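The values are calculated or read from the model by the stated rules, or taken from the named source; none is laboratory data. Fair warning: this is a prediction, and the values are worked out from it, not measured in the lab. Cβ placement follows ideal geometry from the backbone for every residue including glycine, while neighbour counts extend to all protein chains displayed.
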């Protein structure tokens, strides 16, 4: 594992998602790996940390998530703009080598089977809390975060370092049609700590 | 209604939330109005548009949402930083005049009873889709968007105008402890439209 990657305390894992970044969703089952991009992922609880993510019925990743019971959410950055868009706009069904074509390289963390995308800013490995009604009716999946990590060059001690890190580390926030925004400048409320 | 406010086509309403802004949640029941801030709101579907939002059991707004069956999500901006933080860090229980104290002024749109906060960038009025298990177990509410509006100075024809509008219009993305980030610069994937 890259020496810059450190585990994040689980009760602070929500901070990786709290500012609303677009994420990459990865999963693996029976030797098949896949990664998709998703703008509709959100924190759901602090401790134990939980998340929601919307995964369409047409997404090949969905089968891997449902069969394995696990998925990872990871926070890509401006340096991964093309990779993120490619993973959101191609399907394993049409393009069996979509992950390789996107430029994404996968790795694993000891003790976990879910593949992760190298070069992201943070990673959350989640175990599905089965809610068949939500999954069927709304394509909505709930996961408990069982492990969280971040690259210390951009997230450390529970805080993002966007204001001091290189611009390539900015998180991505998707609008539509290939148009993203990078996260911007800090705004601190006067009198807050 | 302010002349800059225009309705947003419902199938494009998700674009108000897609980039992950912190929102204000308002509701009203039997003459009582309240507004809270929430970082955990997310799009759930395109058409008909749906959203999710997490509303804690301790939030006074929750009672108004549950009793009325309606809530509004609105997207505050950098010009409303202090107001947004104040609405997220005071309770109607302790501070009966919390809305007035925050500086928020409420208005309504013809045909809708849910109060909205003046000066925001966009507004989504939502009707609850009752899901008692989600509400009780996860504090998770699902709403169908029945009306959407935006201030044309910052959102028009389905697109945000962050790159050309004044900085006070930037959306807010909450981290923790009074620390927000404003949305930043556009990043457009080469070859996309």
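For residue B:185, indicate whether it is facing chain A (nearest Cβ under 9 Å), exposed (fewer than 15 other Cβ atoms within 10 Å of the Cβ), at pLDDT 95 or above and not in a helix (DSSP H, G or I).
It is true that residue B:185 is facing chain A (nearest Cβ under 9 Å), exposed (fewer than 15 other Cβ atoms within 10 Å of the Cβ), at pLDDT 95 or above and not in a helix (DSSP H, G or I).
Here residue A:192 meets the list (1) assigned to a loop (DSSP other than H, G, I, E, B); (2) in contact with a strand residue (DSSP E or B) (Cβ under 7 Å, 6 or more places away or on another chain) almost entirely, failing just condition (2). A search for C-beta distances below 7 Å between a residue of the stretch B:94-105 that is more than 12 Å from residue B:33 (Cα to Cα) and any residue that is not in a loop (DSSP other than H, G, I, E, B), counting only pairs 6+ apart in sequence or on different chains, returns B:95/B:101; B:101/B:86; B:102/B:83; B:102/B:86; B:102/B:87; B:103/B:83. Residues in the stretch A:15-45 that are crowded, with 24+ Cβ neighbours inside 10 Å and without any contact (Cβ under 8 Å) to a residue 40 or more places away in the chain were compared, and the one that is farthest from residue A:62 (Cα to Cα) is A:42. Every condition in (1) free of Cβ contacts under 8 Å to residues at least 40 places away in the same chain; (2) surrounded by 13 or more Cβ atoms within 10 Å (Cβ to Cβ) is met by residue B:171 except one, and the failing one is (1). What about residue B:109, is it under 15 Å from residue B:26 (Cα atoms), surrounded by 24 or more Cβ atoms within 10 Å (Cβ to Cβ) and touching a residue at least 60 places away in the same chain (Cβ under 8 Å)? Taking the combined requirement at face value, the residue does not satisfy it.
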